[in-house]
Amino acid sequence: MIVKRLLSTAILLTFFFASSNAGATDSKALFMDMARTLSQVQQFSVTIHMRYDAVQDSGQKIEFSELRKVIIQRPNNLRADALQSDGDQNGLIFDGKTITLYDKTANVYSRTNHPGDVDAAIRYAGGTMGIRIPLARILVTSLPQELERMVTKVQYVEKDTLEEPLDHIAVRSKDVDLQVWIAADKLPRRIILTYKNAPGQPQFRAEFSDWNMSPKIPTGTFRFTPPKGAEKIPVLLPQSQLQSSKTGKGGVK
């Protein structure tokens, strides 16, 4: 049972509602259909506008944001270009053999040999190299299996009709509460993650746009050519991650 509260003219109205259609009983099916769609598609591109909370020592939550364009061509090509809210530009490119990290603002880059597929590259970059890859789980083909293992509860909230019709679903796991809005094409349009066991319960929010399941990918998209004057360094971490201990920025991802 979902509880919805509205505050209007200083009167708190509390009421309960539950979906009366098949959506309420099919909430997990809708959720897993989305997961299977993302895991099975062979190529796609999407723009993701991300916002996340950084909890300060004082307990105050500060929001930062990032605009990220992701292109995947399975089994072994990935590109993610990011523009941070402070203007920094950086990204990750994988061509099946090499993981390239670049920071356009600082004009530096690094290359790490790691042959394999996109799944392996994401796990190596995020796990072994410690690179921050927001929403990495939705980029791997094992997404349905991972969600089956982690999720403890799936609940249908409502049919959101403010813009395009979206199925609003609430999901719970041991450490994270998730809300996702899924369109008729079985792709997410919005996600909210709440890290309920972390100090201050920070949130990560993402809005998805420009989904393309058959993008025309230009030759050279997954090849990195260092710009003039760029310096190659042994290991490159995003500036926001390097500075996180000082500002708290990037800590919730």
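A few comments on the model shown:
- Top-ranked residue of the range 61-109 - restricted to ones that are of a type in the set (D, E, K, R), touching a Lys or Arg at 6+ places or on another chain (Cβ under 7 Å) and in a strand (DSSP E or B), ranked as surrounded by the fewest Cβ atoms within 10 Å (Cβ to Cβ): E63
- First in the range 160-181 and closer than 12 Å to M34 by Cβ, second anywhere and in a loop (DSSP other than H, G, I, E, B) and of a type in the set (G, A, S), Cβ under 9 Å, 6 or more apart: L166/A183; L166/A184; D167/G23; D167/A183; D167/A184; I169/G23
- Of the residues making up the range 194-231, those that are touching a residue at least 12 places away in the same chain (Cβ under 8 Å), at negative phi and either in a loop (DSSP other than H, G, I, E, B) or touching a helix residue (DSSP H, G or I) at 6+ places or on another chain (Cβ under 9 Å) (or both) number 16.
- Residues within the range 192-237 that are surrounded by 13 or more Cβ atoms within 10 Å (Cβ to Cβ) and more than 26 Å from N76 (Cβ to Cβ), tallied: 13
- Criterion (under 21 Å from M213 (Cβ atoms) and not charged (D, E, K, R)) met by exactly one of T98, T105, T141, T112: T141
Here, each number is a calculation from the coordinates, and none is a lab measurement. Quick caveat, the model's predicted, so the values are computed rather than measured. Virtual Cβ from ideal backbone geometry, glycine too; neighbours counted across all protein chains shown.
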